[in-house]
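In what follows, a single structure is set out as structure tokens and then discussed.
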Amino acid sequence: MADPDFRALHHGDTAFIIPNPWDIGTAKLLAELGFKALATTSAGYAFSRGLPDGGVGFEAMIEHCREIAGATPLPVSADLEKGKGDSADSAAETVFAADAAGLAGCSIEDATGDADKPIYDLTLAVERVVAAVEAARALKRDFVFTARAENFLWGRPDLDDTIARLKAFEEAGADVLYAPGLSDIAQVREICAAVSKPVNVLAVDGFSVASLSEAGVKRISLGSKLTNLAFGAVERAANEMRETGTFTFARDAMAFGRLQKMFAES
């Protein structure tokens, strides 16, 4: 559901964490644990369906986002990959679809999905952001639009080009700027210093809320990391059972009774 307070979260004194559930159950759990907003994960949802990242069609992804948005009272921002298509018009259609699904915001990437030409030319990338922003402003409720520069996820660790793209997206009206794949706090600091709009950073080992806040970050997302963690836990449990015939992994499991009570009350 949309909430003007979602925009306000991006202007606090410190960065806030927006975790990424991959289904209704994990959305309800994260809401119960006290987070103030949620974000979907395209990769996490795809993995939960036995598909690779990018393997979920647009309409199926929107339906998934509708489920997550309706699972709790929290505002939800959706990871909608490149959106409905390649054109500027498709970017606008993506925002309208996100609004109709009850989302408080969404992100659109400048990644094409084509391994031979993975990043849109800057002109088209900016046109897509302009169209998405115009669509967001035409809505009857507040909608926070995030523009993503995907260089670092596609083997193009060009910080200068990434900053140039983020600055162009800012000028085009994006509410939040995001360059996933950064692992150096100095790069994060340089990006935050180059723009005036709130910056989202993907959490990695070595970062902290304190260090990212000091660097100027306003929002921290997890991408598919919680999903990956869950798969890792299952893999470790399976290996223990297969290799040693023991079940010590059960010590780390969430109690059945707690899950039963939480979902019975929600």
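Just so you know, all these numbers are worked out from the coordinates, no wet-lab data involved. The structure presented is a predicted model; accordingly, all values stated were derived computationally and were not measured. All Cβ positions, even for glycine, are placed from backbone atoms using ideal geometry, and neighbour counts span all protein chains on display.
Annotations
- Residue-span extension gain [Gln260 to Ser213] - 0.36 nm each, minus C-alpha spacing: 13.3 nm
- Inter-label distance for Leu33 and Leu139, nm, one decimal - labels placed 7 Å from Cα along Cα-to-Cβ: 2.6
- Difference of contour (0.36 nm per residue) and Cα-Cα distance, Arg49 to Thr246: 68.1 nm
- Using C-alpha pairs below 8 Å separated by at least 6 residues, the relative contact order for region 4-224 is 21 percent.
- Axis of helix 225-244 versus longest Cα principal axis of the chain: the two differ by about 30°, to the nearest ten degrees.
- Placing +1 on the Cβ of every Lys and Arg and -1 on the Cβ of every Asp and Glu, with nothing else charged, gives the chain a dipole about its Cα centre of roughly 780 debye.
- The length gained on full extension between Glu59 and Ala237, counted as 0.36 nm times the residue separation minus their Cα-Cα distance, comes to 60.6 nm.
- In degrees, nearest ten, helix 88-100 long axis to first principal axis of the chain (Cα): 40
- Ranked by the mean number of other Cβ atoms within 10 Å of their residues, highest first, the peptides 21-31, 245-255 come out as 21-31, 245-255.
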